[in-house]
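Take a look at the structure set out below.
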Amino acid sequence: MVHSGAVVATTVSSRRTKNDKEKRDFVACGAAAGVCTAFSAPIGGILFSLEEGASYWSPSLTWRAFFCSMIALTTLYVLNGIGSAFGKVGFNKLFSFGNFIFEGRESSFAVYELFLFFILGVIGGLIGAIFNHTNEMITHWRMKHINYSKTRRFLEVMCISTIVSLVSFLLPLAWVKCTPIPEDDGSFSESQLELLDDLVAFRCVEGKEYNEMASLIFTDAGDAIRFLFHLHRHTFSTAALVLFFLFYITLAVVVYGIAVPSGLFVPSLLSGAAFGRLFGNIAKNLHPGLAHSNTYSLIGAAAVLGGMARMTISLTVILLECTGNEQFVLPLMITLMTARIIGGLFNDDLYHIHIHLKKGVKFLETELKSITRHHK
């Protein structure tokens, strides 16, 4: 959606202005509108444009991006209202993570758990650095052996699609364990009961059991993220989370850069959510008094995405707007800043790595490298 918004803005601006600065401002506003409509996060979209999309930020661009996000969200709500009136037509927000509501707890976490969130940020930064380096190496190989030929690029897409389809089917097929669906004892919210109904009973008894791997792989990314974010009991075992995390992050690092539109945002969130849930399960087993593992799922999603993209302000606000729980402000800030610092010790964020790899694109860095140390 960020790319789509930028493309629309470029198309509109190319017919209305020849000023290069105005064109860049249009693209920044289009990126803000894309994030806004994808996550129903207007303020997060504006901050994303500030952090990643704008070459130069000015007061005029601030209110333009604000106005653009406001109109985009209004249009989304109007179309969603039309869809509700005439039958659901899919105009709801594209990625809905659901609100974080915790039953029977005054706070979603304890203060001492901030240290665990810091550790998650460190691990997320390391994962992001490894992801970026691996994808850079794959991209170098791809540019040398594949990208010069349209036929080879097409064959690469076909081969990767085939392999991904096979593995995505074989993993749930090989997962022979059927897990009983938790019974409703009155502690489940309405949204959690709906999620329980969406669990996939692949090779299991329909309505009584579910396949853990199938529930994560056979559903779309938004549903899988909601499973990890909101089913606070041990719905997914440690083995299933380890297997899914390794599969999905490997898939993301290989697919990013092939000749199809493949995003980084949602795959990173989903793989990070699985890792955070795994971390939370282990921590909960060691110390039952900790927060539910789905709290760690949210923090893990932020840590892995922050380690790859190195975003801080915008990602904090986007996740807060998506989840609707302001208690996570401090954990998200600590985790994202830690992931950014740790990942920055090893390499750049993935967006800038690909900008530098793109031939013919002249990119002016934010800060010049110091040259004084070369002079005596």
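For K23, no aspartates and glutamates have a Cα falling under 12 Å of its own Cα, not counting residues fewer than eight places away in the same chain.
Among the cysteines of the chain, those whose beta-carbon sits 4.7 Å or more from every other cysteine beta-carbon are C36, C159, C322. Ranked by solvent-accessible area (1.4 Å probe, protein heavy atoms only, all chains present), the residues S262, S69, S55 order from largest to smallest as S55, S262, S69. The stretch between N285 and Q327 holds 12.7 nm of extra length on full extension. This uses 0.36 nm per residue minus the Cα-Cα distance. Springs join every pair of Cα atoms under 10 Å in this Gaussian network model of the chain, and among R16, R226, R203 the largest mean-square fluctuation is at R16.
Site-free segments of the chain were taken between chymotrypsin sites (Phe, Trp or Tyr not before Pro) in DSSP loops having at most 11 other Cβ atoms within 10 Å, sites themselves excluded; the longest one is 149-362. Legend: Rg and Dmax of the chain, from Cα coordinates, 21.7, 76 Å. Counting Lys and Arg as +1 and Asp and Glu as -1 over every other residue whose Cβ lies under 14 Å from the Cβ of K150, the net charge comes to +2.
Projecting the Cα atoms of Y296, L196, I123 onto the charge dipole of the chain (Cβ charges, centred on the Cα centre) puts I123 farthest toward the positive pole. Accessible area of V361 (1.4 Å probe, protein heavy atoms only, ligands and nucleic acids ignored): about 70 Å². What separates the Cα centres of region 1-77 and region 282-314 is a distance of 30 Å. Only protein atoms count toward the accessible area here, which uses a 1.4 Å probe; on the chain, the carbon and sulfur part of that area reaches 65 percent. Of all the options L79, L264, L251, the one that moves most in a Gaussian network model of the chain with Cα springs shorter than 10 angstrom is L79. Each residue of region 18-24 was assigned a 3J(HN,Hα) from its phi angle through the Karplus curve 6.51 cos²θ - 1.76 cosθ + 1.60 (θ = phi - 60°); the sequence is 10, 6, 5, 5, 5, 5, 5 Hz, with glycine and proline shown as x. With q set to 0.11, 0.17 Å⁻¹, the log10 of I(q)/I(0) for region 144-224, from the Debye formula over equal scatterers at the Cα positions, is -0.45, -0.74.
Could you provide, to the nearest whole Å², the per residue accessible area of region 237-376 with probe 1.4 Å?
Details: 6480 Å² over 140 residues.
Accessible area per residue: 46 Å².
Taking Cα atoms only, the orientation of helix 150-174 departs from the longest principal axis of the chain by about 20 degrees.
The values are calculated or read from the model by the stated rules, or taken from the named source; none is laboratory data. Model, not experiment: these values are computed from the prediction. Glycine also receives a Cβ, built like all others from the backbone with ideal geometry; neighbour counts cover every protein chain displayed. Surface accessibility is based on the protein's heavy atoms, side chains included, excluding ligands, DNA and RNA. Shrake-Rupley method; radii C 1.70, N 1.55, O 1.52, S 1.80 Å.
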